[in-house]
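Enquirer: One structure is given below, represented as structure tokens, and several questions about it will come after.
The values are calculated or read from the model by the stated rules, or taken from the named source; none is laboratory data. Just so you know, these numbers come straight off a predicted model, no measurement behind them. Here Cβ is always computed from backbone atoms with ideal geometry, including for glycine, and neighbour counts include all displayed protein chains.
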């Protein structure tokens, strides 16, 4: 086996055909990081002139002129090949040390233990505990769950070999019904152009302030658009509601119910049906009044409800980011948007729909459990990755940890 430096093209060709590839290990992410003063190297392992391992190494200067190195989503290799993993680790260690690096971080796209829809471990399912054990033996240190940079718990839905009808049937009844109701609510889905990305940013600002998470600058979404959109690998959508159409639709449905009551006879056995229809009419009247108040308040015919960002690199679609205007969440437009993208995946040969991040150890009902419940309604399964690891390269690693503790955990 020979350790080699790779060109961007060599890495790209290998990445394209590797089962562990993700958008985070794509060369476009390296280009994005470069705009924030990160350096990039591509290295690999050849055997009999064939590339059998590769990774993208990002680095930036930290303290005392020393560099932190990061391999997004880890190495592209067979982690069960212990000899290869050990050789690659030793060679990368030397490579980074020569570049004044003090640490290598990796967060492999490798399942830890196979889990079901409830987050419970599947008996006799996939188990990569041996990979974790081997990484620890090679000197890697496990990073605590609350310190991770990337998502390590996800929720996914298999698309391969399935039809729209089958996926709809396997959803929770409430999710399926919510999609159908949203389809009737005159909600439209619009893909944003580069010049419209501030609309998505505004939604994320409102959501971030409400939920207390950090908000990315619009430049991030713009850069991701420039890097991925030409290959149809990123899409930004917003959902909108035309209030005039919505109100007219409610009035039509209300009239239909009124006509049904009028056509019912006076027989006692019609009383229950009449009562149900009367309740539905009251519901329509209430929604009409609410819609008219919204229209008066915003002084426009169309309102924006929510927005989402999707990364589409086969074999999976990743539901990466999303937000909602809180006052319009009752329209459930995100359900409609998820269904649109699931259908897109089916039509375009994607094998998996990745709803992405959910709270860790979901079967213990942690904070933000509602995020998981929303995604769980579409059916699927929980995915737990093996997490993030740090490989100390020099004594500076331990020094920086001491400094970090003395500063109270602030970097």
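Enquirer: Name the pairs: first residue in segment 63-81 and in the same structural domain as residue 40 (by TED's automatic domain parsing), second residue assigned to a loop (DSSP other than H, G, I, E, B) and at pLDDT below 95, Cβ to Cβ under 7 Å, at least 6 apart or on different chains?
Expert: 68/62
Enquirer: Would you confirm, using the coordinates I've provided, whether residue 86 is touching a residue at least 12 places away in the same chain (Cβ under 8 Å) and either under 18 Å from residue 389 (Cβ atoms) or outside the structural domain of residue 26 (by TED's automatic domain parsing) (or both)?
Expert: Numbers: touching a residue at least 12 places away in the same chain (Cβ under 8 Å): yes; either under 18 Å from residue 389 (Cβ atoms) or outside the structural domain of residue 26 (by TED's automatic domain parsing) (or both): yes.
In short, yes.
Enquirer: Would you check if residue 387 is farther than 22 Å from residue 242 by Cα and part of a helix (DSSP H, G or I)? Walk me through how you get there before you give the answer.
Expert: Details: farther than 22 Å from residue 242 by Cα: yes; part of a helix (DSSP H, G or I): no.
Judged against the criteria, residue 387 is not a match.
Enquirer: Let me confirm something: among 223, 198, which residue is touching a helix residue (DSSP H, G or I) at 6+ places or on another chain (Cβ under 6 Å), over 30 Å from residue 282 (Cβ atoms) and without any contact (Cβ under 8 Å) to a residue 24 or more places away in the chain?
Expert: Answer to the check: 198.
Enquirer: Inside segment 206-220, can you point out the residues that are without any contact (Cβ under 8 Å) to a residue 40 or more places away in the chain, in a helix (DSSP H, G or I) and surrounded by fewer than 15 Cβ atoms within 10 Å (Cβ to Cβ)?
Expert: Scanning segment 206-220 gives 209, 211, 219.
Every residue, every condition in (1) buried (at least 19 other Cβ atoms within 10 Å of the Cβ); (2) touching a strand residue (DSSP E or B) at 6+ places or on another chain (Cβ under 7 Å), yes or no:
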position	(1), (2)
319	yes, yes
352	no, yes
362	yes, yes
365	no, no
381	no, yes
388	yes, yes
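Enquirer: Moving on to the next point. Within segment 182-195, count every residue that is assigned to a loop (DSSP other than H, G, I, E, B), touching a residue at least 12 places away in the same chain (Cβ under 8 Å) and surrounded by fewer than 15 Cβ atoms within 10 Å (Cβ to Cβ).
Expert: Selection size over segment 182-195: 1.
Enquirer: How many residues does segment 77-106 hold that are assigned to a loop (DSSP other than H, G, I, E, B) and in contact with a strand residue (DSSP E or B) (Cβ under 7 Å, 6 or more places away or on another chain)? Steps first, answer last, please.
Expert: Going through segment 77-106, the residues assigned to a loop (DSSP other than H, G, I, E, B) turn out to be 77-81, 99-100.
Okay, now just the ones that are also in contact with a strand residue (DSSP E or B) (Cβ under 7 Å, 6 or more places away or on another chain), so 77, 99-100.
So the answer is 3.
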